[in-house]
Structures are given as C-alpha cells and as structure tokens.
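The structure appears right after this line, and notes come after that.
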Amino acid sequence: MRAFLLQTVLLQVPHFVLSLWPIPRNLQLGAEFLRLDPIFDIQISFQDVPQDLRDAVSRTKGFLSTDRLQRLVVGRGANDTDAIHQAPSLKILTVSLLSVQPSNGRPRSITAEAQRPVGMRNEGYSLNIPSDGSPASLTSNSTLGIFRGLTTFSQLWYDLSGVGYTYQAPVKILNDIPAYSFPLDISGFPELSAKGAYSADEIYSVADVKDIVAFAGTRGIDVLLEFDTPGHTAAIANSHPEHIACSQESPWSEFANEPPAGQLRMASLATSNFTAELISSIASILPSSLFSTGGDELNTNCYAKDAQTQADLTNSGRTLEQALSLFVQATHKPLTQLGKTPVVWEEMVLDHNVTLPDDAVDCGAGEWIGHDPTGNSWCDPFKTWQKAYTFDPLANLTDSQKPLVLGGQQLLWTEQSSTENLDSILWPRAAVSAEVG
C-alpha cells in the first residue's frame, strides 16, 4: 500500500459527520433514516474463509449489538424517535472478495495480508448501503480490505434505546484505501532483559511478542519493531558496559536528549558485531518485512568525551560520520539477509552522511489554546491533531521522488503516556495521519 502516494480527495462532507474515523476518501451520504434489523446478519459470499476474517465478522456483529454510541445532539437523538422507528430496516450485509491472488486459489488471511511488503498490500474496499432496507454490500480484493470496510461499517450506526440506526442513508464509499526500558527477552542475549528490565515481572518473552503480532495481524496491523541505535541504549550498559559510551554521565543533558545518558560505541568493531547479532536475533522472530534500527537524537558530545571511541577513531583513521555510516551498514546487513527493509529516523538521511540501502525507509498533546496549528507545543514531542493536519508527506519532493514514499506513522511517546491517556493522545493524531496520507 502506498499510503502517502495516493492523492487525497477533498470531500464535500457535512461538518456533523463525527462517527467515521478516519473519514473515507470517497464518501457519499444521504439524509434518510435506516435501522439495523434485530436479526441483522453479515453474510460472506465466498469459500475458504480464513478464520481471522470469520472472527472479525463475529466481532463486528458483537460490537453492533452492544455499542451504545448516541448522537451528540440535544436529546441524544430522542427527538427523532418516530422517524427511527418508521424507517426501513437493514437485514443483511453481504461481503464479497473480488479476486483471489495466491496460487493455491485460497484467500490470504487478514494476518498474512497485513504482513506483506508495504507496496504489495491491498486495503481498498467499497461499501454500499441503500436507504430502502435492501441488502448492503462490502467488496474488496483482499481480506484486509474487507476488515477495513467492516470497521467503517460499524462506525456508521448510533443507538437509541437499543435500536441501531443511521440518519445518513444511503451510504456509498468507493474504493476507500486507508492511509498507515529493554524489557525484551532475546534468544542468545538473556542477560539484556535480566539486567536491563525494570523488574523480572516486566519482561516480554518471545511468546509474548508472537502473541502481540498475531493479535495485531488479525486486526489488520503490521507490527513494526524499532530497536533504536546507536543512541538511547543506556540499558545495555547494565549487562555489557564495554559497548556503551558515556553511561550515566552527568549532567545527562550534555550527553543525551533524555536521561539516562548512554550510546553504543559505534566506532568499535566489537560493538558493531554485537549490535548486528542482536538485531538479527530480534528481527528473525518477527514476520514483518520492515524493521527499524532508529538512529534519532545522536549526541556527538558523548562520543567526543568518550576515550574509547576517540581511540577507535584514531586507530581506524575514520571520522565520526564515517564510523556511523559503517555501523549502520553493519547493522542493516542482517536485515537484508532476512529479506527485511531497514527503517531509520529522518536524521540518518537529513543530518548525517550515511550510506543507506535504496529501499530504506525513514520514518502529538500540544498547547491548550487549540485551533492554532502553528503555536507552541508545551509538552513536546506531542503535537496537536490540528498540527498533524498541516503535514504534507509529499512536500518538497520531485515527481520522481514521490513514488518512493511508501507510508508514514504517527508516534506515541511512551515516556509521556500510559493507560490513562493512551486514547486521547494516540487516536486523534492517528486518524489525522490516515486522512492526510
């Protein structure tokens, strides 16, 4: 899926359309009421249905029968009681797969589709909901597209005293394509989590990671893991101090962008080999075709003050930038051998003279005033969703460069988030990213 390459279509959508998130690219809405029938069902019209698609259909039906979202209007929709009860009722949504790509003639699962290389994913779908109660239809070329369409369908309905309804029938959507501590126990490196995690109870096992990947896959999400290098690696010093420069140095602000200080000694051959083996071990357990080696917020003062790094540079006759380039190439090599595309932060492309593979990919709560996308952000790195709307992923690119943009991501900085504020921080910005992409 070339999420950012697809041109955004400006929609003539009333301002009161609040339930669809993100807003589909090609959306036509009516102004008639339509009810969900008490015996409403979702029927799949093709054979060899993958289990995770069956599960997605079951979840959608369960959500529609239990969700109690009401309209944000005076009376929460009660003023339309008569119109709702007199409206036609929708009994069936028919789900169809337009084509089957695998050579065995069987549809891929949602998980398999979500883990395909980005440029090969097909998430498009079309949805048609007539206003007269005749069967609705959802079509796509992939199970992943069907999953996206089911999500959109489930967002269209409001509740009034246990009756599901929409006031915007008929609904037509044509070919909507959605835009996209060291607590890990790693095979061969058990000492990292044993000494680097907050506690023995706060460690992800390989089985935990696979559970997360499987759970995400059935929901159309490809898990992209980032192992940030060479910066932000202070936790490794607890088990391998020989690989970390300026560990716990003070004041930390002179040696790192956030505490505690500590960066991999990238000029060291031993550290490069150690890091490459570590990345290979992590990446080998993940099915995604993407893996991020980070590269953000490199602190050069840390290396300038580190005697071992300076000695390694002198002995090799290299500059810090040359050492960084060789380090990146060394750590990307096992990813290439595993058939994965390396992902890096934009600093590796914009701020450093680093040799990257041709297919490497470089990868918000703001001020309280609101409606000011250019204003200060008092709690960086979060930005307002208004600010996120100003982002143009194709800005300053030539026509020949634009096809190289595969997608983007909206980041959640976990050092400033928890279960208490996850939804309010993540989802407004993630939805915006899906729309501008």
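Val223 sits with roughly 40 Å² accessible to a 1.4 Å probe, with DNA, RNA and ligands left out of the calculation. Note on the chain: the C-alpha convex hull projects to 24.0 nm² when averaged across all orientations. Nearest-5 percent of antiparallel DSSP beta bridges in the chain? Rounded to the nearest five, the antiparallel share is 50 percent. Residue order by solvent-accessible surface for Val344, Val206 is Val206, Val344, largest first, with ligands and nucleic acids left out and a 1.4 Å probe. At the residue level, Glu32 shows approximately 100 square angstrom of accessible surface with a 1.4 angstrom probe and all protein chains present. A 1.4 Å probe over all protein chains sorts Leu286, Leu422, Leu320 by accessible area into Leu422, Leu320, Leu286, starting with the largest. Considering only beta bridges that DSSP places wholly inside region 49-167, some 60 percent are antiparallel. Exposure check, 1.4 Å probe, all protein chains in place: Arg76 carries approximately 100 Å² of accessible surface.
The values are calculated or read from the model by the stated rules, or taken from the named source; none is laboratory data. Everything numeric here is computed off the predicted structure, so don't read it as measured data. Quick note on the areas: whole protein, heavy atoms, side chains included, nothing else; ligands and nucleic acids left out. Shrake-Rupley method; radii C 1.70, N 1.55, O 1.52, S 1.80 Å.
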